[in-house]
Amino acid sequence: MSNPIFESVYKEIFPFWNYISESDKKYICQNSFALNYPKGTNIHDGNECSGVIFVHSGSLRLYIMSDEGKDVTLYRLQKGDMCMLSASCVLKTITFDVFIDAEEDSECYVISGSAFASVSERNPQIRIFALETAVSRFSDVMWVMQQILFMSLDKRLAIFLYDESVRIGSDIITLTHEQIARYIGSAREAVSRMLKYFANEGIAEVSRKGIKILDKKRLRNLTL
């Protein structure tokens with residue numbers, strides 16, 4: 001991909017772009033890569049500075065993992081979203097490990113972490129942008145923690161199913177019980193039992209093809 005294409009994208013997404021030197025713009029573009037990640041690919045394993053990731057197409061899942069291998073989804077990145085937590089060399093105050101997987105076949109623009117960090121040292125606007133971008137995501141993280149710590153499973157599941165239906169624009173959700181459990185921080189068995197309850201109540205229909213929402217109004221009421 002040519003540098004002018006990167007520059008046209010960065011001009012749109014970076015508020016600091018018009019305030020940095022032409023040499024810094026060129027350096028960022030020269031250290032940018034268009035990478036394709038097949039569905040299921042691990043993009044960032046928490047042990048290195050993978051760089052600043054911008055989702056051009058597809059969907060990514062960002063999560064934390066316990067020593068026992070249990071993971072909790074913090075948030076998901078869709079087209080147009082950016083991830084700074086994968087660039088620990090830029091945000092040195094981030095001391096916990098995060099993992100990123102491609103939920104779908106995804107194309108991402110990745111700026112080398114060392115290059116972005118180098119340019120940010122010369123430009124306070126970039127450091128401020130990086131910090132604000134990371135902080136803005138912590139509201140999503142706190143929402144996840146609030147659900148896990150204080151909400152009942154039926155409410156958490158109802159919120160997820162309703163939000164996912166709105167996100168994809170369909171009442172049919174083609175996710176496995178295991179995937180849903182990871183998204184809401186629960187066990188697959190518990191999710192399966194609750195989905196069975198939703199089915200018995202006529203709220204949803206569960207099959208091998210996925211979950212079909214039958215009564216969106218009742219599902220919405222469970223989220224309140």
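A few notes on this one:
- Rounded to whole Hz, the Karplus (6.51, -1.76, 1.60) HN-Hα couplings of region 122-132, x for glycine and proline: 8, 9, x, 4, 6, 4, 5, 4, 4, 5, 5
- Label-zone membership for region 150-173, site E201, 7 angstrom Cα→C-beta point, backbone N under 11 Å: 153-159
- Calculated SAXS-style log₁₀ I(q)/I(0) at q = 0.15, 0.20, 0.24 Å⁻¹ - region 141-221, Debye, Cα scatterers: -0.47, -0.86, -1.26
- Contact order for the chain, expressed relative to its length and based on alpha carbon pairs under 8 Å spaced 6+ residues apart, stands at 19 percent.
- Accessible area of the chain divided out per residue, in Å², using a probe of 1.4 angstrom: 53 Å²
- Using the Cβ-Cβ distance between D105 and W143 with R0 set to 35 Å, the FRET efficiency works out to roughly 0.80.
- Counting 0.36 nm for each residue step from S114 to M151 and taking away their Cα separation leaves a gain of 9.3 nm.
- As a ratio to 2.2 N^0.38 Å, the alpha-carbon radius of gyration for region 9-57 is 1.38.
- FRET efficiency estimate (nearest 0.05) - Cβ-Cβ, R220 to A34, R0 45 angstrom: 0.70
- Value at 222 nm in deg cm²/dmol, rounded to 500, when DSSP H runs of n ≥ 4 in the chain each add -39,500 (n - 2.57): -14500 deg cm²/dmol
- Karplus (6.51, -1.76, 1.60) ³J(HN,Hα), θ = phi - 60°, over region 3-16, in Hz, Gly and Pro reported as x: 4, x, 5, 4, 4, 5, 6, 5, 5, 7, 9, 9, x, 8
- Loop-located trypsin sites (Lys or Arg not before Pro) in region 154-224 whose Cβ has at most 14 other Cβ within 10 Å (DSSP): R208, K209
- Relative contact order (%) - region 123-224, alpha-carbon pairs under 8 angstrom, separation at least six: 27 percent
- Ranked from largest to smallest solvent-accessible area, with a 1.4 Å probe on the protein heavy atoms, Y37, Y109 come out as Y37, Y109.
- In this structure the amide hydrogen of S59, modeled in the peptide plane, comes within under 5 Å of the amide hydrogens of E103, E104, none closer than 5 places in sequence on its chain.
- Comparing A199, A181, A130 in a Gaussian network model of the chain, where Cα atoms under 10 Å apart are tied by springs, the biggest mean-square fluctuation is seen for A199.
- Selection from Q125, V141, L222, by position along the positive dipole direction of the chain (Cβ): L222
- Hz values of 3J(HN,Hα) by residue in region 137-142 - Karplus curve (6.51, -1.76, 1.60), Gly and Pro given as x: 7, 5, 5, 5, 5, 5
- Förster radius 22 Å - calculated FRET efficiency between E7 and R122 (Cβ-Cβ, nearest 0.05): 0.75
The values are calculated or read from the model by the stated rules, or taken from the named source; none is laboratory data. No experiment lies behind these values; they were computed from the predicted model shown. Neighbour counts run over all protein chains shown; Cβ positions are idealised from the backbone, glycine included. In case anyone asks, the SASA skips ligands and DNA or RNA and just uses the protein heavy atoms, side chains included. Shrake-Rupley method; radii C 1.70, N 1.55, O 1.52, S 1.80 Å.
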